[in-house]
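This report concerns only the one structure given below.
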Amino acid sequence: MNHLEIRLQPGLYFVATPIGSARDITLRALDVLASADVLAAEDTRSLRRLLEIHGVPLGDRPLLSYHDHSGAKARAKLLDHLAAGKSVAYASEAGTPLIADPGYHLSRDAAEAGYLVTSAPGPSAIITALTLAGLPTDAFFFAGFLPNAKGARRTGLEAVREVPGTLVFYESPHRIGEMLKDAARVLGPDREAVICRELTKKFEEVRRGTLSALAEEVAGTRLKGEIVVLVDRAPAQEASEGDIEAALQDAMQTMSVRDAAESVAKAFGAHKRSVYQSALKLSGKR
Ligand code: SAM
């Protein structure tokens, strides 16, 4: 037996479940699932199957269906259990609840009502993909699913074009071809990108290349399964002399020449000494 029956404090427990390989569940997640007074799930069948795989008995505990679209009524039912001092464990169909999955409204309402809201953390496709992609992870932006419609998808891509970090998208196999074409067009054909497919499953695959190369590659194939697309940040633009001078003029309205030079050099990643020389020249002209 992998799980323990433990005494849980009353409250709401968000439980992460595997994104593929069933054994990726954590021992604590199993403990929480074995011990909560009430279980709730986005998809009750998936949770029932997971309990069976790991030998966690449901017993006579309620297993309720909840997703944010099931609305206020289903939420009120779970909040009633919390009000009665019960521990409630909630799981998504796969991965971490609330990550491109339901649970946000439930979390917010339970916290606002003053109940304990906590988690048994675990797998998520975002983190798994970042781990494998080989793109910088110092900063990343999770953009979720892009809209279906072409115009809205391009607008969504434009909104994240300048984000100074790796972009992470969830994508469906039916739209991946169109998405890559639009991404190459809006974000730039030469940006490095990675497709992570079927993570932790039998046919796990990682494809790397520029956006245009991946778009071309995928155009001739039918990718199946679950997909995360990652795109490297835009290459740093080399600042022109004009840009630096304009920023210096602006900064010197409120700062000393030295401070303005330091701040502008930092903002543009330029050499301090040469920016200081430009600042001195400009201050002489003023
Ligand atoms: N809550 C989940 C998480 O923490 O990753 C995400 C749920 S979202 C509805 C489902 C999407 O996540 C899929 O369409 C796919 O883009 C991504 N995904 C989930 N599992 C995956 C896997 N094993 N491999 C690649 N992508 C996956």
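When the charge dipole of the chain is built from unit charges on Cβ atoms (+1 for Lys and Arg, -1 for Asp and Glu) and taken about the Cα centre, the candidate among LEU82, LEU27, SER256 whose Cα reaches farthest toward its positive end is SER256.
Helix 44-53 and the longest principal axis of the C-alpha atoms of the chain enclose an angle of approximately 80°.
Extension gain for ALA76 to THR210 (0.36 nm times residue separation, less C-alpha to C-alpha distance): 43.4 nm.
Largest mean-square fluctuation among THR221, THR166, THR17, in a Gaussian network model of the chain whose springs join Cα atoms under 10 Å apart, belongs to THR221.
The residue list ALA143, SER212, THR200 was ranked by how far each Cα lies along the charge dipole of the chain toward its positive end, using unit charges on Cβ atoms, and SER212 comes out on top.
Only Cα pairs under 8 Å and 6+ residues apart enter the sum, and on that basis the relative contact order of the chain stands at 16 percent.
Considering helices alone, the calculated mean residue ellipticity of the chain at 222 nm is -12500 deg cm²/dmol, with DSSP H runs of length four and up weighted by -39500 (n - 2.57) and normalised per residue. Entry note, the stretch 1-142: relative contact order of 37 percent, from Cα contacts under 8 Å with a spacing of 6+ residues.
Between the Cα long axis of helix 176-187 and the first principal axis of the chain there is an angle of about 30°, rounded to the nearest 10.
Computed extension length for ASP250-ALA234: 3.2 nm, one decimal, from 0.36 nm per residue of separation with the Cα-Cα distance subtracted. Any chance you could give the angle, 0 to 90 degrees and rounded to 10, that helix 272-285 forms with the longest Cα principal axis of the chain? With both axes taken from Cα atoms, the answer is about 50 degrees. Ranking SER107, HIS67, MET179 by how far each Cα lies toward the positive end of the dipole of the chain (charges on Cβ) leaves MET179 at the top. Evaluated over the chain, the count of Lys pairs having alpha-carbon atoms less than 30 Å apart is 13 (only pairs 8 or more residues apart or interchain). Judged by the ratio a/c of the largest to the smallest principal axis of the C-alpha gyration tensor, the chain counts as prolate, that ratio being 1.5 or greater while a/b is larger than b/c. Using a simple spin-label model with pseudo-atoms 7 Å out from Cα toward Cβ, ASN148 and ALA84 lie 3.9 nm apart.
Charges were assigned to the Cβ only: +1 to each Lys and Arg, -1 to each Asp and Glu. The resulting dipole of the chain about its Cα centre is roughly 140 debye.
FYI, it's all coordinate maths here, none of it is from the lab. Quantities reported herein were computed from a predicted structural model and do not represent experimental measurements. Ideal geometry is used to build each Cβ from the backbone, glycine not excepted, and the neighbour counts take in all protein chains shown.
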